[in-house]
């Protein structure tokens with residue numbers, strides 16, 4: 001008898017309790033309570049480093065296999081227009097200032113320069129792509145003479161040529177995107193080969209991490225396979241929902257006639273009235289179900305009372 005009583009009380013608890021489901025919350029306050037955090041899309045990039053050589057007391061590490069008597073005896077050197085020795089005014093890029101990397105084979109005909117300056121990244125890139133920008137001034141005209149720029153993977157000991165410059169330009173710039181291996185160590189190599197009367201300068205290096213765009217995350221999403229931007233969620237009155245275009249607003253121009261618009265507006269009103277009617281019908285049906293459930297609960301409570309009396 002007691003087992004039957006406990007079973008009936010269990011059923012009453014199920015029927016009488018208000019069922020609430022929480023997603024992302026342990027304290028739902030509605031039949032279906034969805035709680036989440038909106039995360040906006042990530043569209044920003046991050047500056048990995050910039051280098052204008054103003055704080056470099058000595059030139060960057062590199063190689064110098066030059067022969068003969070050259071103006072920059074150490075290959076690449078960090079100089080400025082005010083230093084001694086200095087960079088001649090016509091050999092600095094128009095948009096550069098302060099200190100800069102400078103290499104010159106201007107001297108006697110005995111100079112044959114082949115020097116590489118190495119600028120290491122102070123930290124390893126995280127994403128899989130970077131943007132590199134550099135400012136140059138160069139006067140390179142001899143056969144086989146050039147300024148080559150390489151993106152070098154220190155971890156894998158591999159490189160890719162990103163620029164190969166010849167001719168004359170006193171205000172040149174380079175900018176390009178390049179794939180990288182996230183977490184690997186990298187450096188930029190500037191290799192200058194030249195002889196009598198030629199030179200180049202490098203300044204204003206900037207490397208930016210190209211962070212891949214991540215879409216926003218939403219707490220709530222309904223996709224019926226036909227949703228379009230600007231659609232609204234509508235119901236047929238029986239709980240069946242679908243995304244539909246909202247009501248057509250009154251046009252601000254004469255793209256359609258007034259009679260055509262009135263026909264559309266009347267049709268829209270008829271649809272709205274139909275939806276309202278269906279919603280009212282659904283509410284009435286819901287009320288009938290609630291009343292039936294309340295009657296069922298009352299009957300079961302009466303049964304429990306009788307069982308208690310007999311027990």
task = Tell me, please, whether a residue that is at pLDDT below 90, surrounded by fewer than 21 Cβ atoms within 10 Å (Cβ to Cβ), in a strand (DSSP E or B) and touching a strand residue (DSSP E or B) at 6+ places or on another chain (Cβ under 9 Å) can be found in the stretch 188-197.
result = no
query = Taking the condition over 46 Å from the mean Cα position of the chain (by Cα) and at pLDDT 65 or above, does residue 274 pass?
reply = no
query = Among the residues of the stretch 250-269, is any within 30 Å of residue 221 (Cβ to Cβ), assigned to a helix (DSSP H, G or I) and modelled with pLDDT of 70 or more?
reply = no
message = I'm checking my understanding of the structure. Among residues of the stretch 140-159 that are part of a loop (DSSP other than H, G, I, E, B) and touching a residue at least 40 places away in the same chain (Cβ under 8 Å), which one is surrounded by the fewest Cβ atoms within 10 Å (Cβ to Cβ)?
response = 144
query = Quick one: would you say residue 283 is surrounded by 10 or more Cβ atoms within 10 Å (Cβ to Cβ) and either at pLDDT below 75 or within 30 Å of residue 168 (Cα to Cα) (or both)?
reply = no
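The values are calculated or read from the model by the stated rules, or taken from the named source; none is laboratory data. The structure displayed is predicted, hence computed values, not measured ones. Here Cβ is always computed from backbone atoms with ideal geometry, including for glycine, and neighbour counts include all displayed protein chains.
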